[in-house]
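In what follows, a structure is listed as structure tokens, so that the remarks can point back to it.
The values are calculated or read from the model by the stated rules, or taken from the named source; none is laboratory data. Predicted, not measured: the structure shown is a model, and the values here were computed from it. Cβ atoms come from the backbone with ideal geometry, glycine included; neighbour counts cover every protein chain shown. The accessibility values were calculated without ligands, DNA or RNA, using every heavy atom of the protein model including side chains. Shrake-Rupley method; radii C 1.70, N 1.55, O 1.52, S 1.80 Å.
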Amino acid sequence: MGAAENPPAPPRQESAPVRGAAPTPATEAVEKVVVVDQAPPPQAASRLQAQRPLAPLQVTTQAPPPPMTVASGAVEPPPQLAAYQPVMQPPQQGPLPSLNSSKYTNGITLCLFLLHLAAAAAAMGFFVFKTVQEISQHPRSHDAQRERSLLRDWLLPVEGAVALSIVLAFAWQKAVRAWPRAMVRVILWSSFGVTLAVGALLMCFSMLATVGLGVAMVVFSIGTGLYACWVTRRVGFTARVFERAVQPVDKFHGLNGPAYLMVAAGFAWISVWCVAVIGAVNFRFPGLTILGLVVSLAWTAEVMRNVANLTVSRVIALYYLRGMQSSVQFSFHRALSHNLGSACLGSLFVPTIEALRILARGLNLLEGEDEFMFSCAHCCLHVMNAIFSFGNSWAFVHIAAYGRGFVQASRSTWSQFEALPGMAALVDSDITSSVCFLTGVTSGALCVALAGSWAFATHRHYTATVSLLAFYVGYLMTRIGMALPQACVGCYYVCYAENPTSRLFDGNIPNQLSKMQESRGPSVPTPRFPHRQHVGA
């Protein structure tokens, strides 16, 4: 049968051997493959095989064959075939980073936090002791009557707000895991509606302090509504990311345990803290003392949240990167020991970074043609760019997985984002942190509605103070509870940038990157990546 009777081989498949053709040996140089109608004499074929007994040459139409060593008898591909590269390269083989680093990261910050915690505990114990002593030993004194009034009319509403914030924290988390697509829009618009309603309620109390707080909340709600309109085009992608990122949680039993423990510890700490604030009212320099206690509580609560964040990040990151079923208890132990210093340092840096992002985006929208606003916007942008290189919220994934310090982990995660085309712009436009922030704001506003109404009904003089503290503790407790979904989203982005070819990822991020490159998707600019770079979200 002749060669003309055989159909051509389909693309990307190896061509079948032609019947009647002799097997042609491969040589070090590229030889022509000639197809003839008749097989050569058996003597010629035997002579060729005896001279160079190598593997038969495989002829392909497009893609080159898998690489083989020259020692095994393979021939190096021609130059035009060697230039062929697939679109997505598999991860390079090499020594994998260790997952069991035993060093304590950011030890200086850890020592500072432990000293601060000891000082705060001592101060709180002292103020609680003075409060109890004053009430028991001098019950008719002015200070004792004032502290008794605070305990009766001030402490109970605040504690009720803390209990409500715990319920709201886990209700938000459960809702995000159950209905991730719908909850992104619900959170954005519920924060607008709830803060607006609570602001109107405070103004209805018709006291100077409550009216001021109400006006502030109404202004904030207007800003939240404008933000919800601004990020409308990002909501769809963020909802899909939430839906995919929280799916591995069900594979690990007890992954919510660290968040439960941190919320319980936060409740106990805040309960003692509230009594300590009552004692600090009658202490020397009450304003500075209470301000110090407020800052201490903020740092402590943020560390609690990041401990839960690190625990979840290690479990989910090892699942994505190595396919491992990591122990939640072991990950929690590492977060409380080896990685606690990084959690303390990140708890100081990340809120500052988020505040700078909000300021930079606001100035970017307002700069217009004004020279002063233009210079301020670009100055803030340069500062934010420098900070992002050495500190960002994505660092917690590498801290948990590889035991790196906060600065080193920040640089490694951001360099991975920049190495993948379009990835840095995509994560910069991410609104996950904003969504989690607004859950805390919404919970804080609901706590204000409860505690403020309670205080207004029992003792109007404390309404403004109780409302402020209720919002503060409600926000902090909710953010601790929302650490789990935020950590899952962080692992989803960072682990994809590290290993894009993993089968554990879907086409969500690749499709969005493709839309950004082709300018077909929604384009939402950010200060770091202006509109001309077609940043999709």
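Things to note:
- With a cut-off of 12 Å between beta carbons, the residues surrounding residue 247 carry a summed charge of +1, where Lys and Arg count +1 and Asp and Glu -1.
- Three-way shape call for the stretch 117-518 based on the alpha-carbon gyration tensor, with the a/c threshold at 1.5: prolate
- Rounded to the nearest 10 square angstrom, residue 387 shows an accessible area of 50 square angstrom against a 1.4 Å probe.
- Remark: the residue 230-residue 121 segment gains 34.9 nm on full extension, using 0.36 nm per residue and subtracting the alpha carbon distance.
- Among 235-247, 412-424, 458-470, sorting by the average number of other beta carbon atoms lying within 10 angstrom of each residue, highest first, gives 458-470, 235-247, 412-424.
- Each peptide among 484-491, 333-340 gets the average number of other Cβ atoms lying within 10 Å of its residues, and from highest to lowest they stand as 484-491, 333-340.
- 1.4 Å probe accessible area per residue over the stretch 124-219, in Å²: 50 Å²
- Relative contact order of the stretch 117-518, defined on C-alpha pairs under 8 angstrom at six or more residues apart (%): 28 percent
- Simple label model, 7 Å out from Cα along Cβ direction - residue 142 to residue 505, nm: 6.7 nm
- Over the stretch 375-443, the Kirkwood radius and the radius of gyration, each from Cα atoms, give a ratio Rg/Rh of 1.03.
- A Förster radius of 22 Å, combined with the Cβ-Cβ distance separating residue 101 from residue 333, puts the computed FRET efficiency at roughly 0.95.
- With a 1.4 Å probe rolled over the protein heavy atoms of all chains, the accessible area of 482, 324 falls in the order 324, 482, largest first.
- Modelled FRET efficiency - R0 41 Å, residue 517 with residue 260, Cβ distances, 0.05 increments: 0.45
- Gyration tensor (alpha-carbon) shape descriptor, the stretch 103-259, a/c threshold 1.5: oblate
- Between residue 419 and residue 207, residue separation times 0.36 nm minus the direct Cα-Cα distance comes to 70.7 nm.
- Summing charges over all other residues whose Cβ lies under 11 Å from the Cβ of residue 181, with Lys and Arg as +1 and Asp and Glu as -1, gives +2.
- Between residue 133 and residue 171, the modelled labels are 4.2 nm apart [label points 7 Å from Cα along Cα→Cβ].
- Separation in nanometres of the label points that stand 7 Å from Cα toward Cβ, at residue 382 and residue 163: 5.5 nm
- Protection proxy ranking of 161-171, 218-228 - average other beta-carbon atoms within 10 Å, highest first: 161-171, 218-228
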